[in-house]
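*Asks:* One structure follows; several queries about it will come next.
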Amino acid sequence: MFGPMNERATRIPVAEPALTDRELELVSECVRTGWISSGGKYHDEFEARWAAYCGRKYGVAMSSGTAALEAAVQALGLGPGDEVVMPTFTIISCASAVAAVGARPVLVDADPETWTMSPELVAEKVSPGTRAIMPVHIYGHPVDMDPVLAIAKHHGLFVIEDAAEAHGAEYKSRRCGSFGELSCFSFYANKIVTTGEGGMVVTDDERLAARLRGVRNLFFKVPRFHHDELGHNFRMTNPQAALGVAQLERIDAIVEKKRAIGAHYLARLADQPKLELPVERAWAKNVYWMFGVVLRDEARIDAAELATRLARSGVETRPFFLGMHAQPALQSRGWFAGESYPVADRLARLGLYLPSGIGLSSAEIDRVCDALDEALA
Ligand SMILES: *Cc1c(COP(=O)(O)O)cnc(C)c1O
């Protein structure tokens, strides 16, 4: 595998892409043949193969996961006056995609153990303005989808699944990315399959797939330079897609390695009394995109202090998400005033994630755990 391996002796990175000769071979072919824009065989092959991996009919590649979410919201025709129910404990991309079309995010607190949107809190957030629900699988653990799908069906709502952190994860033996009208992925450099920057929307709906292609490519149509709607340039390049194709060839091994890293951490940290560890519900296959830990109150420090201590031992970490309700950019629109999300607040204060890249060795995982024990002693 390629990468800045020589740094690892002193610092264990939180994530790094694990690229091989196969990526080099396919990208080189793009360069040699001149197929470096969004035209080219790997672009179309990656769309078809990723959609098939998710059990979907159509894949529409995008320039990022954020672009995928924005395109999904626009393709469904959401706009001013519309509301989308989503977790507060997520990345800003979910809320910004909704805000971009003039619609409004409506927030749901997290489940304290899976850290995903708590399904029993969704129904009370549905109003006459609600048009869609956006479940987000967090750090590799799926959302409890059946109740979400039931509420959506009952109220006639779209489901936009954000599976950016859940490549290969399963809910009741069905892959994440196969639920709802549209499912969005990111292939950013720290994601389980990466194209450097990139994303995709997958769907079974031919009409929506056509709309997504329109949004992606400025709604160009025949005759040329006529536009009935405004879109974006959200195109993915052929060399990016070539990276994706190379990794799809070994995705089972990649997902297995992620799960092995998760299992190693879980076994090694099981007796650490000051940490809550990730769970795997009976109906879930967790892919441990990032291995998160949450400090218990008896640790008497917060995640920022733990991160500082771990950094001193050469262990890189990242803080958990700060809830959407706590984001000045969203509060300034007059949203979420007086609302409270105690679980998300606790996760933001006490949660962080540990090195989780598939290049991690067993010895490095043990080093991380030793550093944790020392930091919490
Ligand atoms: C990474 C991520 C995104 C955004 O993807 P980018 O490719 O970085 O734009 C969206 N949603 C979730 C849940 C993510 O983890």
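The values are calculated or read from the model by the stated rules, or taken from the named source; none is laboratory data. Since this is a predicted model, take the numbers as computed values, not measurements. Every residue, glycine among them, receives a Cβ derived from its backbone with ideal geometry; neighbour counts consider all protein chains shown.
*Asks:* Can you confirm whether ARG32 is more than 16 Å from the ligand (Cβ to nearest atom), among the basic types (Lys, Arg) and surrounded by fewer than 17 Cβ atoms within 10 Å (Cβ to Cβ)?
*Replies:* Against the criterion (more than 16 Å from the ligand (Cβ to nearest atom), among the basic types (Lys, Arg) and surrounded by fewer than 17 Cβ atoms within 10 Å (Cβ to Cβ)), ARG32 qualifies.
*Asks:* Among residues belonging to the stretch 52-77 that are in contact with a helix residue (DSSP H, G or I) (Cβ under 9 Å, 6 or more places away or on another chain), touching a residue at least 60 places away in the same chain (Cβ under 8 Å) and away from the ligand (no atom under 16 Å from the Cβ), point out the one that is farthest from VAL101 (Cα to Cα).
*Replies:* The qualifying residue farthest from VAL101 (Cα to Cα) is TYR53.
*Asks:* Related question: Has the stretch 80-91 got at least one residue that is within 25 Å of LYS257 (Cβ to Cβ) and in contact with a strand residue (DSSP E or B) (Cβ under 9 Å, 6 or more places away or on another chain)?
*Replies:* Yes, that holds for at least one residue.
*Asks:* Moving on to the next point. Kindly indicate whether any position in the stretch 246-268 is within 16 Å of the ligand (Cβ to nearest atom), modelled with pLDDT of 95 or more and of a type outside the set (D, E, K, R).
*Replies:* Applying the first criterion (within 16 Å of the ligand (Cβ to nearest atom)) to the stretch 246-268 yields 247, 258.
From what's left, modelled with pLDDT of 95 or more: 247, 258.
With the extra rule that they be of a type outside the set (D, E, K, R), the set shrinks to 247.
So far as the stretch 246-268 goes, yes, one or more of its residues are within 16 Å of the ligand (Cβ to nearest atom), modelled with pLDDT of 95 or more and of a type outside the set (D, E, K, R).
*Asks:* Under 23 Å from LEU322 (Cβ atoms), more than 16 Å from the ligand (Cβ to nearest atom) and surrounded by 22 or more Cβ atoms within 10 Å (Cβ to Cβ): is that true of VAL108 in this structure?
*Replies:* So VAL108 does not fit the description; no.
*Asks:* Okay, moving on. Please note which helices (runs of 4 or more DSSP H) are completely contained in the stretch 235-345 and include at least 3 residues that are of a type in the set (S, T, N, Q) and surrounded by 17 or more Cβ atoms within 10 Å (Cβ to Cβ).
*Replies:* 238-248
*Asks:* Right, here's the next one. Somewhere in the stretch 100-110, is a residue under 17 Å from ARG333 (Cβ atoms), in contact with a Leu (Cβ under 8 Å, 6 or more places away or on another chain) and among the β-branched types (Val, Ile, Thr)?
*Replies:* Yes, because at least one residue in the stretch 100-110 is under 17 Å from ARG333 (Cβ atoms), in contact with a Leu (Cβ under 8 Å, 6 or more places away or on another chain) and among the β-branched types (Val, Ile, Thr).
*Asks:* Additional query: Within 16 Å of the ligand (Cβ to nearest atom), not small (Gly, Ala, Ser) and not in a helix (DSSP H, G or I): is that true of PHE89 in this structure?
*Replies:* Taking the combined requirement at face value, the residue satisfies it.
To keep it simple, each residue is scored yes or no on (1) under 16 Å from GLY244 (Cβ atoms); (2) away from the ligand (no atom under 16 Å from the Cβ); (3) modelled with pLDDT of 95 or more.
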position: PHE179; (1), (2), (3): no, no, yes
position: ALA189; (1), (2), (3): yes, no, yes
position: ILE192; (1), (2), (3): yes, no, yes
position: GLY196; (1), (2), (3): yes, no, yes
position: ASP205; (1), (2), (3): no, yes, yes
position: ARG213; (1), (2), (3): no, yes, yes
position: LEU218; (1), (2), (3): no, yes, yes
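*Asks:* Of the conditions (1) assigned to a loop (DSSP other than H, G, I, E, B); (2) within 14 Å of the ligand (Cβ to nearest atom), CYS184 clears all except one; give me its number.
*Replies:* Every condition holds for CYS184 apart from (1).
*Asks:* Can you tell me which residues in the stretch 156-173 are more than 10 Å from the ligand (Cβ to nearest atom) and assigned to a loop (DSSP other than H, G, I, E, B)?
*Replies:* The answer is GLY156, LEU157, HIS167, GLY168, ALA169, LYS172, SER173.
*Asks:* Restricting attention to the stretch 113-142, which residues are closer than 30 Å to GLY357 by Cα, in contact (Cβ under 8 Å) with a residue 40 or more places away in the chain and assigned to a loop (DSSP other than H, G, I, E, B)?
*Replies:* If the condition is that a residue be closer than 30 Å to GLY357 by Cα, in contact (Cβ under 8 Å) with a residue 40 or more places away in the chain and assigned to a loop (DSSP other than H, G, I, E, B), then GLU113, THR114, TRP115, SER118, MET134, PRO135, TYR139, GLY140, PRO142 are the ones that fit.
*Asks:* Consider the stretch 242-283. How many of its residues are of a type outside the set (Asp, Glu) and over 23 Å from HIS137 (Cβ atoms)?
*Replies:* So the first thing to find is which residues in the stretch 242-283 are of a type outside the set (Asp, Glu), and the list is 242-248, 250-251, 253-255, 257-270, 272-275, 277-279, 281-283.
Checking which are over 23 Å from HIS137 (Cβ atoms) leaves us with 242, 245-246, 267-268, 270, 272-274.
Count: 9.
*Asks:* Something else: Tally up the residues in the stretch 128-144 that are under 21 Å from PRO278 (Cα atoms) and either buried (at least 24 other Cβ atoms within 10 Å of the Cβ) or under 14 Å from the mean Cα position of the chain (by Cα) (or both), please.
*Replies:* Residues flagged as under 21 Å from PRO278 (Cα atoms) and either buried (at least 24 other Cβ atoms within 10 Å of the Cβ) or under 14 Å from the mean Cα position of the chain (by Cα) (or both) within the stretch 128-144 amount to 9.
*Asks:* Just wondering, is there one or more residues in the stretch 46-62 that are in the same structural domain as ARG174 (by TED's automatic domain parsing), crowded, with 24+ Cβ neighbours inside 10 Å and more than 18 Å from the chain's Cα centre (by Cα)?
*Replies:* yes
*Asks:* Looking only at the stretch 259-294, count every residue that is touching a residue at least 24 places away in the same chain (Cβ under 8 Å) and either farther than 20 Å from ASP111 by Cα or within 20 Å of the chain's Cα centre (by Cα) (or both) and tell me the total.
*Replies:* So the count comes out to 25.
*Asks:* Looking at the stretch 16-29 only, could you name the residues that are surrounded by 13 or more Cβ atoms within 10 Å (Cβ to Cβ) and of a type outside the set (S, T, N, Q)?
*Replies:* Passing the criteria: GLU16, PRO17, ALA18, LEU19, ARG22, GLU23, LEU24, LEU26, VAL27, GLU29.
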